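Taking it in order: structure first as structure tokens, then the write-up.
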Amino acid sequence: MANLIPEELKALIQQYLTDGVLTDKERQVILNKAEKMGLDRDEIDLYLDAEVQKIDQQTDAAVRKQKGKTCPFCGGSVPQLTDKCPHCGENITPEASSELQEIFDNLEEALVDFKSGKDIAKSKATVERFMRKAKMYYGNNPKIQKLLEEVEMESAKVEKVAKANARKNTIVKILTYNRKITAAVILAVLIGIFMQFHESDEAKMENLIEEVSELVDYGNLDKANNKLVNTIFLKDIYHIENYDPIYLKVIKAHIKHGNYDAAEELALSYRGMIDNDWRWCETPTYIYLRSLYEKEDRDFSALESRY
């Protein structure tokens, strides 16, 4: 089409498009001139639309280039030819952006399965796994924060309905299908139902241990520290025995980097979760630190048991 337009008309079109805008009046002038030249008015009109669209695309590309990239970690603007975010300090790579999109897709798919009611436990675990990954690596991104808030609300609704239905179905079966069942058996089943509602505490503990362990493996000791210090768990033997290895892992990582103050501070925080000294002095964390401090002739008085 462009080859069939006389140079005189082309020059007029380019003159009017110099500012990137084609007004209605300018368009009419071009179309009238084209008609006088014996050209098809509609074809010239379509040509003008294509030229305007081409300019719009070039303008958008220039604007995007000037603004740069968007950091997948914090959502901040990153200048072109820069591989490190000036806001959060993270390295920007194509792999990070690709992984973030993959998390979006997998999280959306898992949430759909969760809401469908098919295999609630498995779907919930999948949703939580991708939520942890999103929080761990991209939690400062405002879009991620909003998405996770929505997912948490939807997940809570689905889980509440699922638990209510499960409890209702169990009680109905007890009362309907076996009227000769003894009071002791009914009590035992009801206790089992009650315990199911506390499985979430155990799941949260396992999720925390997994998340903190991944943070340590990736060298994010400050985040790992904060996760443990800011977490409240039931102060019973079962939970303490299961938390000790992850506390010890973070403490050893601090010591490996020569940061004894951080290691001792975390150990003191952990000790504060234990209700008496004899339990503290039996933990692997206490035994390890006491042996290490004696070996390196360090002051262990702050962590010493009075038992």
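Of note:
- Residues with amide H under 5 Å from that of residue 78, placed H, sequence gap 5 or more: 69, 70, 71
- Cross-linked pairs 252/295; 146/204; 84/252; 227/249; 122/227; 135/204: Cα-Cα separations exceed 18 Å for 146/204; 84/252; 122/227.
- Gain on full stretching of the segment that runs from residue 104 to residue 87 - 0.36 nm per residue minus C-alpha separation: 3.8 nm
- Sorted on the mean count of surrounding Cβ atoms within 10 Å across their residues, most packed first, peptides 32-40, 205-213 read 205-213, 32-40.
- Modelled spin-label separation between residue 265 and residue 7, with each label point placed 7 Å from Cα along the Cα-to-Cβ direction: 7.6 nm.
- Sorting 41-48, 244-251 by average packing, meaning the other beta carbons within 10 Å per residue, from highest down gives 244-251, 41-48.
A short reminder: the numbers here are calculations on the coordinates, not readings from a lab. Since this is a predicted model, take the numbers as computed values, not measurements. Heads up, the Cβs are rebuilt from the backbone with ideal geometry, glycines too, and the neighbour counts pull from every protein chain shown.
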